[in-house]
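The values are calculated or read from the model by the stated rules, or taken from the named source; none is laboratory data. Fair warning: this is a prediction, and the values are worked out from it, not measured in the lab. Here the Cβ is made from the backbone with ideal geometry for all residues, glycine too, and neighbour counts use every protein chain on show. For the accessible areas, the whole protein counts, side chains as well, though only heavy atoms, and no ligand, DNA or RNA atoms are used. Shrake-Rupley method; radii C 1.70, N 1.55, O 1.52, S 1.80 Å.
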Amino acid sequence: MPQDKNNTTPINVKLLLIGNSSVGKSSLLLRFSDEQWLPEDEASATIGVDFRVHKMDVKGKKVKLSIWDTAGQERFRTITSSYYRGAQGIILVYDVSSRESFDALPRWYSELETYVSESVVKIVVGNKLDKEYSRQVPTAEAEAFAQRMNSLFVEASAKTSVGVRDAFRNVVERILDTPELWEPAKKRAKGSKGNEENLRTGESMPGNIDLNAPGGSPEGADAGCGC
Ligand code: GDP
């Protein structure tokens, strides 16, 4: 269904979390969507979040966010291409107390280059800001890196919730400022199955670079969905 004039039909936005294992991707998602924090020792055993839907009002528009977590795929250094399909925003997470996780970001960017179009909004999130005492990545360095990569930047803590809402809101705002990412192309809108269906199949979604790739089945787009 096309966006209505009264803005009552939500704009579907798909965000992805990527970054090394243990930087806190699941924790950020849980904090943002459920206002929840699991004690450190319980987290890795318990967190199995891989998909959350969250509604928000941004710039006078209703937005239905679907936020996807890697569900541990990154441990094997391969994330299926279907994970990236239809994404309009990418949240690249590192841990401010882990130089290694920050140094891994260029690798994540090169993977992104393969799978998403350049207009897709990116934000670098330095998580675990509460661990200031063991910081290994200076803010200025990370900020400069994000700027070079044409990305937004925020430091946050899933533990204390500082910066978490900003991180998600900033990405969504930038996406709304880029209509080509969410306004369906006219010829596709005509006779399309509607945004809800498109969200699940990746069909007609801007940012989708290869709908018909081998293995690019609608089921593939749902891989890892725990919903
Ligand atoms: P993921 O593998 O990137 O999804 O990371 P997890 O969300 O599973 O978190 C890995 C570990 O880091 C867990 O023990 C979390 O409790 C811990 N963690 C996540 N976010 C934070 C944070 O903001 N501060 C602190 N101190 N620990 C965090």
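Scan segment 156-181 residue by residue and report those that are within 16 Å of the ligand (Cβ to nearest atom) and open to solvent by less than 60 Å² (accessible area, probe 1.4 Å).
At the first step, the residues of segment 156-181 found to be within 16 Å of the ligand (Cβ to nearest atom) are 156-168.
Listed by number, the residues that qualify are ALA156, SER157, ALA158, SER161, GLY163, VAL164, ALA167, PHE168.
Just to be sure I understand, how many residues within segment 91-108 are crowded, with 19+ Cβ neighbours inside 10 Å and part of a helix (DSSP H, G or I)?
4
Just give me the residues in segment 127-140 being part of a helix (DSSP H, G or I) and surrounded by 12 or more Cβ atoms within 10 Å (Cβ to Cβ), in sequence order.
LEU129, ASP130, LYS131, THR139
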